[in-house]
Amino acid sequence: MSEYLLEVNNLTKKFPIKGGILGREVGAVYAVNDVSFKIKKGETLGLVGESGCGKTTLGRSLLRLIEPTSGEVFFNGVDITKLDADQMREMRRKMQIIFQDPYASLNPRMTVGGILAEPMEIHGLFKDKEERRKRLLQLLDQVQLPADALNKYPHEFSGGQRQRICIARALAVEPEFIVCDEPVSALDVSVQAQVVNLMMDLQKDLGLTFLFIAHDLKVVEYISNRVAVMYLGNMVEVAESHELYGGARHPYTKALFSAIPNPNPNVTHDRIILEGDIPSPMNPPSGCHFHPRCWNATDECRGSYPPVTEESLTHAYRCYNPNQVSK
């Protein structure tokens, strides 16, 4: 048995751009471009990057909520990109997602009990009403909600409580892998900490594996075993969390981390202010996509995209000048 639960090879998702009277394809946006990575069983891979870099598209493509254009996604050794609809439905019991907006991802016309029971009914996970109720109460207990929540509707709960309901819904079918698509970005800071700690406890108790997509770099550092950085559809660096935060190699990663605020007013650090705008994904720059904003760009960077450099077994990046990462 492989130590990796998920193995992604050269995953690409292209959205065609159509124009003209006949609606012909006149271009394409590569939201995810030739991305490869692995996730070990029981670990959390954090995924960070600017808005529009392809994080959510990547997460949804792994579950085939968005059909990838090309590439392979092996889950427990099975390439799910080659499964038919019935096989994929069975596989989705093991792969779930927690969406970003807890207000939009719950059906306002269904009670919490109905929301949590629906995925279990689809997969036939209980025999009678008594077993159904017992499982529902167990789910509420796991996410620290009271039993009387079963008969209430989503509008009767706060944002943090709604996200707990979303977590319970993901847990209802006893998955192995969960894509967490910015699950705390819509919550207050104090509530974020509660939800993140809850997810870490659930991971430890249930042996879950997470892909944790987020903007908050401190939250990602806290919850993740490894962290991957995306820029304009490409994965530019991946490493163990402590290794990446302590010694980023790619200039873009370095710039991102320099923006993390330090709560100690007596400690100062140099901010790296990126110049220029993010290039259009419809017409990305030649070579390394980051070179128009990089202070160390060379003709080599402009001419071809950097290959993957594996600095160690746990740290890889795409950069021709990794030793020059400060302005």
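Miscellaneous remarks
- Based on C-alpha pairs under 8 angstrom that are at least 6 apart in sequence, the chain has a relative contact order of 19 percent.
- Each Lys and Arg adds +1 at its Cβ and each Asp and Glu adds -1 at its Cβ; summed about the Cα centre, the range 124-263 shows a dipole of about 240 debye.
- Within the range 184-288, GluC sites (Glu not before Pro) in DSSP loop having at most 16 other beta-carbon neighbours inside 10 Å: E275
- The range 10-105: relative contact order as a whole-number percent, Cα under 8 Å and 6+ apart: 25
- Each Cα pair under 8 Å and six or more residues apart adds its sequence gap; the mean of these over the residue count of the range 133-274 is a relative contact order of 15 percent.
- Derived scalar couplings ³J(HN,Hα) [the range 179-186; Karplus, 6.51 cos²θ - 1.76 cosθ + 1.60; whole Hz; x for Gly, Pro]: 8, 9, 8, 6, x, 10, 5, 8
- 3J(HN,Hα) along the range 160-176: x, 5, 5, 5, 5, 5, 4, 5, 4, 5, 5, 7, 4, 9, 6, x, 9 Hz, from the Karplus curve 6.51 cos²θ - 1.76 cosθ + 1.60 with θ = phi - 60°, whole Hz, x for Gly and Pro.
- In this structure, the pairs whose alpha-carbon distance is over 31 Å, taken from K13/K94; K38/K204; K14/K152; K14/K254; K38/K129, are K14/K152; K38/K129.
- Dipole axis of the chain (+1 Lys, Arg; -1 Asp, Glu on Cβ), positive-most option in N225, V143, L45: V143
- Mean residue ellipticity at 222 nm, helices only, the chain: -8500 deg cm²/dmol; runs of at least 4 DSSP H residues each add -39,500 (n - 2.57), and the sum is divided by the number of residues.
- Size of electric dipole in the range 188-290: Cβ of Lys, Arg +1 and of Asp, Glu -1, about Cα centre, debye, nearest 20: 140
- Placing a label point 7 Å from the Cα of W295 along the Cα-to-Cβ line, the residues of the range 255-284 whose backbone N sits under 14 Å from it are 255-259, 269-276.
Values in this text are rule-based calculations from the coordinates and carry no lab data. Since the structure is predicted, the reported quantities are computational estimates derived from the model, not experimental observations. Heads up, the Cβs are rebuilt from the backbone with ideal geometry, glycines too, and the neighbour counts pull from every protein chain shown.
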